[in-house]
1. How many residues does segment 400-416 contain that are over 18 Å from residue 63 (Cβ atoms) and surrounded by 22 or more Cβ atoms within 10 Å (Cβ to Cβ)?
2. Considering only residues of segment 174-217 that are part of a loop (DSSP other than H, G, I, E, B) and touching a Ser or Thr at 6+ places or on another chain (Cβ under 8 Å), which is modelled with the lowest pLDDT?
3. List pairs: first residue in segment 221-235 and over 18 Å from residue 265 (Cα atoms) and in the same structural domain as residue 200 (by TED's automatic domain parsing), second residue acidic (Asp, Glu) and not in a helix (DSSP H, G or I) anywhere in the structure, Cβ distance under 6 angstrom, at least six positions apart or on different chains.
4. Is there a residue being under 20 Å from the mean Cα position of the chain (by Cα) and among the polar types (S, T, N, Q) anywhere in segment 249-262?
5. Quick one: residue 95 ticks every box in (1) under 16 Å from residue 35 (Cβ atoms); (2) modelled with pLDDT of 50 or more; (3) surrounded by 15 or more Cβ atoms within 10 Å (Cβ to Cβ) bar one, so which box is it?
6. Surrounded by fewer than 18 Cβ atoms within 10 Å (Cβ to Cβ) and not assigned by TED's automatic domain parsing to the domain that holds residue 427, is that true of residue 184?
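The values are calculated or read from the model by the stated rules, or taken from the named source; none is laboratory data. Every value quoted in this text rests on a predicted model; they were computed, and no experiment measured them. Because the Cβ atoms are built from the backbone with ideal geometry, glycine has one as well, and the counts that use them run over all protein chains shown.
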Amino acid sequence: MLPTAVGVTWAGTKVLTDAPRHRAARPTVRVRFLSPAAAAAQHGRREHLVEISGEQATQPGTWGIRVGDSFVQVGPAISRYRDDEQVLWAVRPFREIDGTAPTWEATGDRRREDRDRRARDAAAESPTTADVDDAQLALTGPRDRRRLRRDRRRHAAQPPWPHDAVMTHYAWPDDPQVLARHHDARWEIEAIPTSGGHLPAWRFTPKGPRDTWVIGVHGRGAQRTELYRLIGLCLEARLPSLVVSYRTDQWTAQPARLTTLGTTEWRDVEAAMQLAMSRGARRVILAGFSMGGAIVAMTVRRSEFAGAVAGVILDSPALDWGPTLRHVATVRHVPRGIVPVVMLLARARARVDWAGLNQVASAGEFVHPILLVHGTGDEVTPIWLSDALAEARPDLVTYLRVEGAGHVKAWNVERARYEQAVLGFLDVVAGRPGHWRDRLPPNAGAAPIGDRRMLPVPRPAVSSGALRLWLPPPG
């Protein structure tokens with residue numbers, strides 16, 4: 001037992017502190033796209049529909065599906081059923097985002113036959129009768145000929161066999177040009193100079209840009225595509241946006257071998273802030289998802305440029321790693337007793353500052369307006385940490401609590417509420433006049449924090465009470 005426990009503990013430490021490596025997503029569902037004509041014949045609705053089978057088929061809200069070279073967004077399920085093999089299917093509307101979905105067209109008299117789903121499935125599962133050629137058909141009796149012709153017509157009327165596809169909550173394809181094209185924005189690559197080399201970033205510039213920029217930070221092991229759901233809203237608000245990398249991302253030139261879970265990665269965000277200001281930004285809004293939320297929180301607490309921050313958006317943030325690791329251990333049925341040992345080893349191996357990463361205990365250090373978003377079904381970061389932060393700083397935190405949403409899936413589950421909350425928050429904090437340097441008190445000294453020095457920042461004039469005016473009630 002002891003060798004097993006030691007092995008599991010060390011394996012957990014390596015998983016936690018090794019820089020994550022991204023793998024190509026494998027197909028998770030099977031899909032069949034229907035044109036409006038086919039959808040009217042099959043489901044009585046004349047619109048683009050997709051039939052999805054698999055465990056993710058009935059996920060609530062808006063999702064993305066990549067099949068081949070095309071990418072579509074699918075809306076909430078309008079119906080669900082099980083086929084003869086008891087495989088769960090869902091029917092959802094879709095719209096094309098990139099490329100053309102391989103839709104099936106239904107024409108002529110075949111529409112009437114296609115309305116009978118059971119007959120359609122039976123014909124699809126028995127292609128032998130449908131594949132009989134004319135020579136064989138001539139050798140059969142009149143009754144068999146009628147049956148075989150009927151089966152062949154039914155089989156010919158079937159949509160193509162489902163395609164293997166990847167269903168993702170990112171809801172956008174990886175190509176940043178697609179996002180820029182949909183929002184009539186310009187996209188370009190930036191290089192952020194840091195102590196460890198240049199880090200790549202994606203810069204989106206809308207038409208008629210404002211002088212407040214949004215800097216987005218993705219989560220641990222996630223792609224930068226994770227932020228597109230938020231960046232699209234920023235572009236609607238005419239805010240230039242910078243989607244950054246940090247030192248452990250494998251797409252950087254020299255990725256770091258170990259992650260410190262935010263202890264040092266915040267310096268990369270600080271460098272991105274400096275780049276934005278050198279490009280003309282007067283203020284910045286920092287947005288972080290999951291571990292990116294922890295990095296953003298460390299930035300506003302420790303950066304000497306914290307005075308440039310107009311506001312903060314945190315989506316499913318990792319506010320305290322101890323409870324987060326225990327929560328993940330419980331969800332994945334790993335003994336929670338190894339968590340303290342893993343944290344001790346991680347501190348020795350990667351120099352993780354667990355106390356400094358406790359954002360709830362450090363809630364008194366926050367001075368910027370915060371939009372906090374979290375789902376009650378989060379399987380990675382426990383929602384009670386966000387509850388605690390909102391309770392500790394009601395003067396700063398505007399809290400959007402989404403019932404049933406999983407990790408960074410609040411947009412997917414409650415898209416309308418999410419977009420209303422984000423756009424309202426951006427309008428309030430980005431509309432505050434003045435340059436960030438003008439908001440610093442005269443003769444401001446520097447207060448030491450760790451091995452850095454942070455300029456004191458005055459408490460913002462906009463309180464969360466004012467921001468809550470535009471947040472709709474839950475439910």
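1. Total meeting the criteria: 1.
2. Residues of segment 174-217 part of a loop (DSSP other than H, G, I, E, B): 174-175, 183-185, 195-196, 206-211.
When the remaining residues are screened for being touching a Ser or Thr at 6+ places or on another chain (Cβ under 8 Å), the result is 174, 185.
On the way: 174: 93, 185: 96.
Of everything passing the filter in segment 174-217, 174 is modelled with the lowest pLDDT.
3. Pairs found: 225/174.
4. yes
5. Condition not satisfied by residue 95: (3).
6. Details: surrounded by fewer than 18 Cβ atoms within 10 Å (Cβ to Cβ): yes; not assigned by TED's automatic domain parsing to the domain that holds residue 427: no.
Spelling it out, it is not the case that residue 184 is surrounded by fewer than 18 Cβ atoms within 10 Å (Cβ to Cβ) and not assigned by TED's automatic domain parsing to the domain that holds residue 427.
Condition check ((1) modelled with pLDDT of 95 or more; (2) in a helix (DSSP H, G or I)) across all residues:
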| site | (1), (2) |
| --- | --- |
| 374 | yes, no |
| 381 | yes, no |
| 385 | yes, yes |
| 390 | yes, yes |
| 405 | yes, no |
| 417 | yes, yes |
| 428 | no, yes |
| 438 | no, yes |
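Each row is one residue, and each column tells you yes or no for (1) at pLDDT 90 or above; (2) within 30 Å of residue 223 (Cα to Cα); (3) not assigned by TED's automatic domain parsing to the domain that holds residue 221.
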| position | (1), (2), (3) |
| --- | --- |
| 10 | no, yes, yes |
| 15 | no, yes, yes |
| 44 | no, no, yes |
| 50 | yes, yes, yes |
